[in-house]
1. Near LYS129, which aspartates and glutamates are there with a Cα under 14 Å away, not counting those fewer than 8 places off in the same chain?
2. Provide the solvent-accessible area of ILE330, counting protein heavy atoms only and rolling a 1.4 Å probe, rounded to the nearest 10 Å².
3. I'd like to compare 198-206, 81-89, 39-47, 373-381: which one has the highest average count of other Cβ atoms within 10 Å, and what's the full order after that?
4. Quote the charge dipole size of the range 41-191 about the Cα centre in Debye, to the nearest 20; the model charges only the Cβ of Lys and Arg (+1) and of Asp and Glu (-1).
Amino acid sequence: MFGFRKKSLVGLDIDTAAVRMVQLRREDTGYTVTGACVTEIAPWGDDPELRRIHTVRAIQQGLSRRHVDGRLAVCGLRGPEVVVRSFEFPLLPPEEIGPAVGLEASQICPFSPDESTFDYQVTSMDTGKTHGFWVAANDGLIRSTRHLVHEAGLHCVMLDVAGLALLNCLRESHNGTGSTQDDGNAQGRPAVVDIGGSCTTIAITDHAGRPFVRDINSGSDEILRRMADEADVPFEIAKTALLNYGLEQNPVDEMDLEAAGSQSGNEALLWDNLEGACAGLVEDIATTLRYYAAQYGSGLSVQGPAAGGPGVKADRLLVCGALAQVTEFIELLRTKLYIDVAAWNPVEAMRCDAPKAKRLASTLQQVGSSMSLAAGLAMRCL
């Protein structure tokens, strides 16, 4: 009544090869995309300082093209320096929950309280139990992320765990404030798998509303390197093949047909090596789902064999990130995991802001499956 309104935040997903930004406007009938872009990060090899410089430039490039408005950003954290764990206690009075969670976290958290930031949330209190989860992140990672974003010209007003942001995006879609093309009519409890450059995040919500999040230190960069090595081609050709996957080539732009044919042959060799390159990641995903089934059996069903052991599968696997648009990868997961697998592009079905509709619709259709994390971050509000 005082004229205040919620600020529109920029969901900022900083990966190893690209920066993804999404800006949303929440309305009574759902979300409208008001800004979105993917900006490639120039190669940086093994030099962390060069990575920082090129990442800052990529963010600035996206901002300079006016793909998003405003300077308030929400950033995602994931990897070995972030921990998400659930808890279950007997029914406790509110004043006793914090100390109980803190005590449990201090016994299993890999970071000391002096070098990490800790928080928790209660998800339910019923049947004589207190359920919830806690999160801890290394302070060094928090500081470096904030500094990077500030250097690029944005203000990091909030940090979120990548797995929680993905589940937030999924929940908003199911609640009808957004929609997806793959999971709207499906039944059961889905698992979300986001394939990043160096890290893959698996996120599931259990029957008590608690998130189960695991970050696997393997992603599209490692898979592309293995594919390139097996095909005996440079890594950059593998990256280009992924970026151009599914896009029609314009013959007018082909200056040398013989060279173009050679490159097409190289790309065919790359995809022939996909299964072997993905074997480790597929097994990690299968192991994670089996572990989740053992810990939270009510969230999963027992059905069919899975790679490496007794068969337990989630109801669905929604795949987003760098490899989500690769149909061979989706089919590989479906075959190896004996599970219903689909590419997940929650932003493609959202309305686009009218003045930018044509450009935004094209962007979201082409690369929207890699922007799920950024969209989940953008759904946070102040």
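The values are calculated or read from the model by the stated rules, or taken from the named source; none is laboratory data. On a predicted model such as this, the values are computed, not experimentally measured, just so you know. In this analysis, Cβ positions are derived from the backbone assuming ideal geometry, glycine residues included, and neighbour counts consider all displayed protein chains. Ligands, DNA and RNA are stripped out before the accessible areas are found, and what is left, the full protein with its side chains, is counted by its heavy atoms. Shrake-Rupley method; radii C 1.70, N 1.55, O 1.52, S 1.80 Å.
1. Excluding near neighbours in sequence, the set is GLU88, GLU96.
2. Rounded to the nearest 10, the figure is 10 Å².
3. Numbers: 198-206: 23.1, 81-89: 18.6, 39-47: 13.1, 373-381: 26.4.
Top to bottom by mean Cβ count within 10 Å: 373-381, 198-206, 81-89, 39-47.
4. Values: 13 positive and 19 negative charges, 131 e Å.
Taking the Cα centre of the range 41-191 as origin, the dipole is about 640 debye.
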